[in-house]
Amino acid sequence: MRDAKIPLLQFDTKKAQDIPFEIFRIEAKTDYDDAVMPFRHEFYVIVVLTEGTGTTLIDFKAYPIQGGGIYFITPGQVQHWETTSPVRGFSLLFMESFLPMDSTDSITPRQFDYFHRTDLAPVLFLADVASEMNNLCESMLRAYHEMGFGRTALLQSYLRIFLIQSQRFYAHQRMSDKTTVADSLVTNYIRLIDAHFIQKQRVSEYASLLGVTSGHLTDITRDKLGVSAGQLIQRRVLLEAKRLLTYSEKTVGEIAFALNFTDSSYFSRYFRRETGQSPSMFRAEIREKYLPHRSES
């Protein structure tokens, strides 16, 4: 029987010298061939490429692999690399607990547009400033391997700078430097959905948390994203259903229960309406397409 589980990679603090952060050169990884199989993480990953071609799939959406590309992977996302030429660059791994430096200037991954956003692409393509980010990675890599005074604080500072600079470049790439009140409302709504979509599946629940009416929230999301507030919730539920069908061994009924559906038949009808396939058909197709090299057992 084919082993269809996609592995969940956990952070190895001993390997990372007892801190929840690691950086390495991709081309120096002797086990890189294993990493190109579909996988997911319990930690955050940033891949900074200087060379390479191909395609990467992040939560079932394809993005080109190219030098100057930065790829941001949120915990739980299914990732798959299909390279057509060798890739070079850096990989940064970290747990959220590594970011705080003091209580007065807290930074969390949910503050950045490239993490935890189902409506935005988790990729950034740089041109003129690619060398700036590569040099920052070089500095991080040196600091990571030096065991001198203040190593952890230095690495935290470098990572925070990298994340903030990436956000600024990302905002510029999207031409959205001028953030309006409506933009902030949509951003906060999407982040709330990501945190509570299983327990809260009514627009009114989120509108209450945001201090607005359901009608206003729907009007704003339609204006900014072209979809209703309710559709954003359903998109997040559907994404989680796809993830569970892909990497878990739960039955369709168990997945329906996990996603707060009243019964499996209603979940199956919903999934078919949204994707054109039954849950079982989707599971078989996605595993055949992206897990072709797993050995028979």
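Each reported figure results from applying straightforward, stated rules to the coordinates on display, with no laboratory input. Fair warning: this is a prediction, and the values are worked out from it, not measured in the lab. Cβ sites come from the backbone with ideal geometry, for glycine too, and all protein chains shown count toward neighbours.
What is the distance in Å between the Cα centroid of the stretch 55-126 and that of the stretch 155-230? Here the two parts' Cα centres lie 18 Å apart.
With the simple model of a label 7 Å out from the Cα in the direction of the Cβ, PHE125 to HIS172 spans 1.7 nm. Rounded to the nearest whole angstrom, the semi-axes of the ellipsoid equivalent to the stretch 99-238, taken from the Cα gyration tensor as √(5λ), stand at 35, 18, 13, largest first.
Counting Lys and Arg as +1 and Asp and Glu as -1 over every other residue whose Cβ lies under 12 Å from the Cβ of SER214, the net charge comes to -1.
Each Lys and Arg Cβ is given +1 and each Asp and Glu Cβ -1; about its Cα centre, the stretch 102-146 then shows a dipole of about 180 debye.
Exceeding 24 Å between C-alpha atoms, which entries from my cross-link table qualify? They are LYS250/LYS289; LYS200/LYS289; LYS242/LYS289; LYS61/LYS289; LYS224/LYS289; LYS61/LYS200.
LYS200/LYS289; LYS224/LYS289; LYS61/LYS200
Of the residues ALA121, GLN167, TYR144, the one whose Cα sits farthest toward the positive end of the charge dipole of the stretch 96-207, with +1 on the Cβ of Lys and Arg and -1 on the Cβ of Asp and Glu, is ALA121. Estimated translational diffusion coefficient (Stokes-Einstein, Kirkwood radius over Cα pairs, 25 °C, 0.890 mPa s) of the stretch 133-199: 168 µm² per second. For the stretch 230-293, the alpha carbon positions stretch 37, 21, 16 Å along the principal axes, listed from largest to smallest.
Summary of packing: across the peptides 18-27, 72-81, the per-residue average of other C-beta atoms within 10 Å ranks them, highest first, as 72-81, 18-27.
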